[in-house]
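Colleague: Can you read through this structure? Questions will come right after.
We did not get these values from a lab; they are worked out from the coordinates using the rules stated. Just so you know, these numbers come straight off a predicted model, no measurement behind them. Positions of Cβ are backbone-derived with ideal geometry, glycine not excepted, and every protein chain shown enters the neighbour counts.
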Amino acid sequence: MNLTSFLIYCMIVTFTPGPTNIVILSTVHNFGTKKAMEYTYGATVAFGLLLVISAILNSMLMTIIPKILMVMQIIGSIYMFYLAYQTYKMDTSNPTVIQSATFMSGFLMQFLNPKVVLFTMTVIPSFIIPNYTAVPAVTISVLAITFIGFLAFLTWVLFGTLFKKFLQNHSKIVNVMMALFLAYSALMIWM
């Protein structure tokens, strides 16, 4: 396996803006680091679980990918538009803790996030299975990819924490931008 290509692929997909990363940044901005970390833990567990599912069911999934992708695109897009709307209408003048930034919402978001689903369905068959089929090797690979994803989420939490004051001073603009990024992500699924 070309380790450099594998790591570049993992870093680009996990660290670039996507629905989960944008929600993490928005959560830090509006509700703080602690809430964002709760969401991040849920997202990380689901990310790892998706990798496990991909590793176990890889051959079966490959035969039914078009059906899975269509359903995930529809559900994922609708959910991302909903998140965009919630982010847009968020009233930061009355900071109350909402239930959307929970472990469970972070967990569920990963199963509806087409970027994550596509990544987990492609990284295992593209880089791992052709080179390593033994259970310990596949397990170590899944753990390593999950750790890379967790580091990406932490980067977004850190970014939000470092720039929180700036983001709070420009909260309406930030919420509109986050909503637009989420809506753009939802639209890109269809293009």
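Colleague: Could you give the length gained by full extension between Met104 and Leu7, i.e. 0.36 nm per residue of separation minus their alpha carbon distance, to one decimal place?
Modeller: 32.1 nm
Colleague: If you wrap a convex hull around the alpha carbons of the stretch 116-191, what volume per residue comes out, as a whole number of Å³?
Modeller: Dividing the Cα hull volume of the stretch 116-191 by its residue count gives 91 Å³.
Colleague: Quick check: pseudo-label points 7 Å beyond the Cα along Cα→Cβ at Ala144 and Leu187, how many nm apart are they?
Modeller: Rounded to a tenth, the inter-label distance reads 3.8 nm.
Colleague: ³J(HN,Hα) across the stretch 41-55 via Karplus (A = 6.51, B = -1.76, C = 1.60, θ = phi - 60°), whole Hz, x for Gly/Pro?
Modeller: So the Karplus estimates, Gly and Pro as x, are 4, x, 5, 5, 4, 5, 4, x, 5, 4, 5, 5, 4, 4, 5 Hz.
Colleague: Using a Förster distance of 25 Å, how high is the FRET efficiency between Ile74 and Val45, based on the Cβ-Cβ distance and rounded to 0.05?
Modeller: 0.55
Colleague: Please give the FRET efficiency for Lys89 paired with Leu57, using the beta carbon to beta carbon distance and R0 = 45 Å, rounded to the nearest 0.05. Walk me through the numbers before you get to the answer.
Modeller: Working: r = 39 Å, r/R0 = 0.86.
About 0.70, to the nearest 0.05.
Colleague: In whole Hz and in residue order, list the ³J(HN,Hα) couplings for the stretch 20-35 that follow from phi through the Karplus curve 6.51 cos²θ - 1.76 cosθ + 1.60, θ = phi - 60°; x for Gly and Pro.
Modeller: Residue by residue, the stretch 20-35 yields 5, 5, 5, 5, 4, 4, 5, 5, 4, 4, 8, 10, x, 5, 4, 5 Hz.
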